[in-house]
1. Do you know the relative contact order of chain A, to the nearest whole percent, from alpha carbon pairs under 8 angstrom that are 6+ apart?
2. Expected output is a single nm value to one decimal: the length gained when fully extending between A:S224 and A:K19, i.e. 0.36 nm times separation in residues minus the C-alpha distance. What is it?
3. Using the basic label-point model (7 angstrom from Cα toward the beta carbon), what is the B:S139 to A:K294 distance in nanometres?
4. Summarise the partner chain shielding of A:48-55 as one whole number: the mean count of Cβ atoms from other chains within 10 Å of each residue's Cβ.
5. At R0 = 41 Å, how high is the FRET efficiency between B:Q56 and B:A34 if r is their beta carbon distance? Nearest 0.05 is fine.
6. Rounded to the nearest 0.05, what FRET efficiency do B:F176 and A:E267 have when you use their Cβ-Cβ distance and R0 = 56 Å?
7. How much length is gained if the chain between A:D26 and A:S280 is pulled fully straight, taking 0.36 nm per residue apart and subtracting their Cα-Cα distance, in nm to one decimal?
8. Based on DSSP H runs of at least 4 residues, each adding -39500 (n - 2.57), what is the mean residue ellipticity at 222 nm of chain B after dividing by all its residues, to the nearest 500 deg cm²/dmol?
Amino acid sequence: MISSLNAKNIIKTFGSGDKAFNAVNDLSFELFPGESVAFLGPNGAGKSTTIKILCGILSPTYGNAEINGFKVGSLEANKQLGLVFGTRSQLFMHMTVFQCLDLIAEIYFLTGTEKKVRIFELAELFEINSLLEKRVRTLSLGQRMRCEVVAALVHKPKILLADEPTIGLDIIAKNSLRELIQRWRIEEKSTLLLTSHDLSDVEVLCDRCILIDHGIKKYDGKLSALKGNLAELRRIQITVADGSIPTFSKENLIHSLDKEEFIHRYEVKTSKFAISEALSQLSKHYGDNLQDIKISEVSLEEVLAQRYQDRS
Amino acid sequence: MTYANVLESGRFHFRHAWFNLREQFSDIPTALAANALIPFFVWILSNVWQRFNSHQGNFTFEQVIVYIGITELLFMTFVRAPSVSRASGDFSISLARPRSWLVISFSGLVGRSIGGRIFMLCLLICVFPILGTDLAEISKAVLRLLILLPWLGIIQGLFALFFSVAQVLWHQTNYFLLPFGKIFLVLGGVWGPIADFSEPWRKWLLILPPSDIFFQPAYFCVKGNFYGISVFEWFLRTSFLILVLTVINIYFFKMAKTRHQSYGG
């Protein structure tokens, strides 16, 4: 299968002499058509530099990258690329959404009927039909972001690079935008490379994750596998009626984390001890004093926080 | 590059300029508020000039009003900071797009400049009669200015582009916009016609580029000819200016693209 994006041994050095440092250090990865990949890393990990290299804004010091077989930064590669930046608008505030989309389509050589058909097709998909004649400055942030995504997709790119597309959005607008991006992915079978510090975006939209730090690839694989051993860990939070009850312990199986007056927390490794058995034993221990039980997985945030912490 | 590509590119950049021109008319209340004091400036500058120079000037009071109005129009739309910031701000993103930043910024700046000037012209057409200018005088001046506007738009676009590239190259050049503008204000005859200045100032000022882009066009609008030079000479002088600015802009753009690599874009 031909890869949508192929980055080979990319090195980007800033500065010279003693002050030279590699922001990206021998980074290689491939994205395939239809894949949805999260590109993650702490601040200063080299994410933005890599993204800029992939869109042709920066040239690598060494190595190369191709988009659908075209060298990044070339005219053909730029035509295959859609860009959404949550912190940077590509729309013109005083013009209507349609006028903006019309111009952006022409930047990518779309003209005539083809252009109009595409704009209306995306307007339908992203539910912005009613916004087309409105001036951009009058839109809410959520509405504007949907229009931004449409602007990035108007030329039917093969890859969408989305940098923090839901930044600043409220939970409803966020969910709606994620759902629409997901719908677009399924409909057009395109590739998505997402960078976001909001890991709920990542969990909803991506199946694969590339984690980098100090410009070096630390992990490349399924998002679910990123949790490693932590994936089998479950946390149980118990609310009790009587604050004086001691915590329960079953060596190496149910591990007590901490205790507040009415809340006790436990960790269970489900590979070693079935969660049903743990619940049964805890309920036996607390008896009538058990008021409430909450079970949760280890979140992606925690996993990454752990990895980022290890770095420092 | 094939002929068809050049044609397509030309058509796109024309449309881009037109888009930017229309953008100037998209928020009329704000634009009116921004230009609200212009009629007052025209009135006060015309009166001051007339008060001190009526005995020696080449212009009647009505002509002075039109002259000051037109130079104000040209100056107030010359190398504006918002346009420069927008063009320089688009530098990075346009490297990821399939069109050249230099050309797309240029067409945008030209469109914005012409749009802004047409907007101010509409305003002045309403103001001139109130200030006491004859309608025939106004219509002749307006038609002459409309002939020159595209050419002047190109010159102003190149100046603004120069500052946009400089901003990408050296980051803090926007601080030079104000002094640069003031130099052109003083040397370009925006406050009063250079034709009425005493020697040797007149001789020196007429040689300089500011007179070609402020004084001479305004003089042409009022009188129907350029001061001391033929239409062809003015065209030649401004063409040379365009050539120099184009070469500088291309050179700086290449430098900016290289330098841009060293600080992370």
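Throughout, read-outs are computed from the coordinates displayed, never taken from laboratory work. Just so you know, these numbers come straight off a predicted model, no measurement behind them. Note that we place each Cβ from the backbone using ideal geometry, even for glycine, and neighbour counts take in every protein chain shown.
1. 19 percent
2. 69.9 nm
3. Roughly 7.9 nm, to one decimal.
4. What the average comes to for A:48-55 is 3.
5. The computed FRET efficiency comes out at 0.70.
6. 0.35
7. Length gained between A:D26 and A:S280: 86.3 nm.
8. Result for chain B: -24500 deg cm²/dmol, rounded to the nearest 500.
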